[in-house]
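Below is one structure, written out as structure tokens; comments come after it.
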Amino acid sequence: MVQINGYLSLTGADYWTVQGIRWGYSSTNTTGQAIVSYFGGTGWSFIKNEVAGTRGVANILVREKTPANWTNEGRTAAAPHNYMIAANCIRDAAKTGNVGEMHNIYLMPTVYSGGGTIENNLMGGAPLGSNIKASGSTDPSSAPKDVVIRNNTLLYGASGIVIGQQAERVETVGNLIAMGTQSGPYDGGVKTYDLVKADTDSVKDTLIQGYATPIRQPWQASPVLYVRRNVTPATVALTGSLANCTAKASDPAVRLAYGHLSTK
């Protein structure tokens, strides 16, 4: 696999596929935000790559491009649509900074986006953040809409998946989320953050281990996430290593039912 240390930033990459490259951090050649960044674009795919070592907010960042105008039509045209992040190894977000930051994937394509799929990825090593953050930041409307997060293995994160702010119709299903690194308010296999449309979002058929609160919904009594058929076992043993992108559940029954090697 070819190794590139630096960053990839694509704006409006309609129907592009990036495949089979190892992307690493460079202290002399970086934007400071993410190693891989997508701004807008329709039908793009990022598959079978490795991304590791960000010192910014994420290893992979997905956002809208600058709109031609700030009408609903303009923002819809600027947002990502029908995109895919699949079968990658994404690991080792920065270990320095504030808790709640430094994610493996930071998904903030706006509520004007749609049709995103994140599946069959091995992710790990986000001790101060989440393996996947599906939420806005200062702008709540930058949260995603109509995204499927399916059959990923998510290890060693303060949180496994964060769903926040105006995120709508975010479906998480079939994921293996294990080995949490924090306690207190940042702990959570799946955690919500100021989520206002929680009843449109879901956590289904997911195995969560190693978190004091497997599904954490703070600051909110109603509405709540749609939660079905999740499993929270006492232990999940792993084999292989995250550094070599070979980490997986030791039990064949577990890895065939949940995570990046699932056959479901």
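List pairs: first residue in region 143-165 and over 24 Å from V254 (Cα atoms), second residue part of a strand (DSSP E or B) and hydrophobic (A, V, I, L, M, F, W, C) anywhere in the structure, Cβ distance under 6 angstrom, at least six positions apart or on different chains.
P144/L107; P144/A134; V147/V170; I163/A134; I163/V170
Filter region 40-79 for residues that are among the hydrophobic types (A, V, I, L, M, F, W, C), free of Cβ contacts under 8 Å to residues at least 40 places away in the same chain and either part of a strand (DSSP E or B) or touching an Asp or Glu at 6+ places or on another chain (Cβ under 8 Å) (or both) and give the result.
A78, A79
Give me the strands (runs of 3 or more DSSP E) completely within region 108-164, filtered to those with at least 3 residues that are among the small types (G, A, S), buried (at least 24 other Cβ atoms within 10 Å of the Cβ) and on the phi < 0 side of the Ramachandran plot, ordered by residue number.
Numbers: elements: 116-119, 122-134, 145-150, 153-164.
Where strands (runs of 3 or more DSSP E) fall fully within region 108-164 and carry at least 3 residues being among the small types (G, A, S), buried (at least 24 other Cβ atoms within 10 Å of the Cβ) and on the phi < 0 side of the Ramachandran plot, they are 122-134, 153-164.
Only residues that are assigned to a strand (DSSP E or B) and loosely packed, with under 14 Cβ neighbours inside 10 Å: list them for region 12-27, please.
Passing the criteria: T17, Q19.
Out of the strands (runs of 3 or more DSSP E) lying entirely within region 176-264, which hold 1 or more residues that are on the phi < 0 side of the Ramachandran plot and more than 20 Å from the chain's Cα centre (by Cα)?
226-228
Residues to consider are A237, A243; find the one that is hydrophobic (A, V, I, L, M, F, W, C) and farther than 20 Å from G188 by Cα.
Matching residue, one of A237, A243: A243.
Values quoted throughout were computed directly from the atomic coordinates according to the rules given, and no laboratory measurement underlies them. On a predicted model such as this, the values are computed, not experimentally measured, just so you know. Neighbour counts run over all protein chains shown; Cβ positions are idealised from the backbone, glycine included.
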